[in-house]
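Data block below; observations after.
The values are calculated or read from the model by the stated rules, or taken from the named source; none is laboratory data. Quantities reported herein were computed from a predicted structural model and do not represent experimental measurements. Positions of Cβ are backbone-derived with ideal geometry, glycine not excepted, and every protein chain shown enters the neighbour counts. What goes into the accessible areas is simple: the full protein's heavy atoms, side chains included, and nothing from ligands, DNA or RNA. Shrake-Rupley method; radii C 1.70, N 1.55, O 1.52, S 1.80 Å.
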Amino acid sequence: MYQRSISDQTLSEVLAIICKAQKLLNSQCLPDVTEINDLPAASTALDAIWHGVHTAATGDRATADRLACADDLLPLLIQLKNTDNSVREERAHHRSSTMRNAQTALGRLHQTASVSELIASTPSIVCTMGFDRAIMSRIHESTWVAEALHVDGDKQWAEAILRAGRDNPQKLVPNLFETEIVRRKRPLTVTNVQQESRVHRPMAEVSQCRNYVAVPIMPCARVIGFLHADRYFHRSELTDFDRDVLAIFAEGFGYALERAILLERLAQMRTEMLRYTEGLATAMNDFEGQIGFGAHGADHELARPERPLHDDHWPADSRLTRREVDVLRLMAAGDTNARIADKLIISEGTVKSHVKHILRKLNAASRTEAVSIWLHSERQQLS
């Protein structure tokens, strides 16, 4: 559950000042004490009192004279100043703490390499920064689709809200707040949600949301989704600072998402490359078995070199030397440089030099490409 940002002592002082100011100013414009439950509300209340005293002192003469003669005015102003300083200090401390939490939250993102895990865990990570509900959404063909949602202490409610979003995909129509976020690429704070027509109505109704902050997720400067967050349980208004903190996190999330996607693609490419290499090795073993190379020297491969390989199946105009052809055939069989060196009784450095010459002469970018070119040439010769 969300922890209140204002301390009990400062809250007590603010409420006491409001009560004294109401008696002294006889004003109906001062804030209701029941609405003060966090630092932003306390700061707004103190500003209203300062404004009320100034308005009374510069108003009609009778009111100004009465206020000047009041014994409670000077103590009230001193207490107001001291409490205002306390609220400012607590707000600065709270913002510093929130930024540290945001930094920690960003660190947690980089602990997850899987895209699916990153998406699923992000809403709960957002809630460590002072929010108590968060939604991660994506944009698919101009449609806003909810992907993951977290509600502190109420998993069933989270599932119900998420289901309302998934069952009712929202098109990004012109009158929607989220459409404005995509168009301007800037975060928004939305208030009076239950009275607004420019929100996702099914989700708004199930969530009973009063206000929220929404920020774009936009790696490579393109909006691909949103992060939404609010503070439903502690019932306070969201500030520009809350919006900006979430925007900073969303920027970091975009980088983490790009990283996770890249790692998954690299892993997929590696798997495909391994399958391709294994296929080449199998094909080469079958080929050598058919033409009598496979069994040669198998029992004594470290004791003596492989017999020089025939040139019958290699183009006559090839620029490769006999030894480079020997090295290439062993590369195709899947042997490492060290294993090739053992079989041919040459140094590993010499093998590396041969491989370098082979790649250059065949205009190949990799060992795999060189082997592929060689196999293609072999097939042409055999046909």
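Could you list, in sequence order, the residues of region 45-61 that are buried (at least 17 other Cβ atoms within 10 Å of the Cβ), hydrophobic (A, V, I, L, M, F, W, C) and over 44 Å from the mean Cα position of the chain (by Cα)? Across region 45-61, the qualifying residues are Val53, Ala56.
Count of region 18-44 residues, restricted to those that are part of a loop (DSSP other than H, G, I, E, B), buried (at least 17 other Cβ atoms within 10 Å of the Cβ) and without any contact (Cβ under 8 Å) to a residue 60 or more places away in the chain, is 3.
In region 115-130, the residues that are on the phi > 0 side of the Ramachandran plot reach residues that are modelled with pLDDT under 90 and surrounded by fewer than 22 Cβ atoms within 10 Å (Cβ to Cβ) with C-beta atoms within less than 6 angstrom, at least six apart or across chains, in these pairs: Gly130/Thr98.
Here Ser372 meets the list (1) open to solvent by 50 Å² or more (accessible area, probe 1.4 Å); (2) in contact (Cβ under 8 Å) with a residue 60 or more places away in the chain almost entirely, failing just condition (1).
The residues listed here are Thr58, Thr83, Thr44, Thr63; of these, the one that is hydroxyl-bearing (Ser, Thr, Tyr), in contact with an Asp or Glu (Cβ under 6 Å, 6 or more places away or on another chain) and within 30 Å of Lys20 (Cα to Cα) is Thr83.
Output the number of the condition that Gly107 fails; it satisfies all remaining conditions of (1) open to solvent by less than 60 Å² (accessible area, probe 1.4 Å); (2) part of a loop (DSSP other than H, G, I, E, B). For Gly107, the failing item is (2). Every condition in (1) over 27 Å from Ala160 (Cβ atoms); (2) open to solvent by less than 70 Å² (accessible area, probe 1.4 Å); (3) of a type outside the set (S, T, N, Q) holds for Phe131 except the one numbered (1).
From the list Ala68, Ala92, Ala64, Ala56, exactly one residue is part of a helix (DSSP H, G or I), out of contact with any Cys (no Cβ under 9 Å at 6 or more places or on another chain) and closer than 18 Å to Phe241 by Cβ. Which is it? Spell out the reasoning first.
Working: Ala68 fails: closer than 18 Å to Phe241 by Cβ; Ala64 fails: closer than 18 Å to Phe241 by Cβ; Ala56 fails: closer than 18 Å to Phe241 by Cβ.
Of Ala68, Ala92, Ala64, Ala56, the one residue that is part of a helix (DSSP H, G or I), out of contact with any Cys (no Cβ under 9 Å at 6 or more places or on another chain) and closer than 18 Å to Phe241 by Cβ is Ala92.
Note on region 142-232: enclosed strands (runs of 3 or more DSSP E) holding 2 or more residues that are crowded, with 19+ Cβ neighbours inside 10 Å and in contact with a Leu (Cβ under 8 Å, 6 or more places away or on another chain) are 143-151, 212-217, 225-230. Cβ-Cβ contacts under 6 Å between residues 6 or more apart (or on different chains), taken from a first residue in region 229-251 that is farther than 21 Å from Ala158 by Cα to a second residue that is open to solvent by 20 Å² or more (accessible area, probe 1.4 Å) and not basic (Lys, Arg), are listed as Thr239/Pro40; Arg243/Pro187; Arg243/Thr189; Ala247/Pro187.
Restricting the first member to region 45-74 and to residues that are under 12 Å from Pro31 (Cβ atoms), and the second to residues that are of a type in the set (Ser, Thr, Tyr) and at pLDDT 75 or above, the beta-carbon pairs closer than 9 Å and six or more apart or on different chains are Leu46/Thr83.
Residues that are at pLDDT below 85 and buried (at least 18 other Cβ atoms within 10 Å of the Cβ) are absent from region 7-17 altogether.
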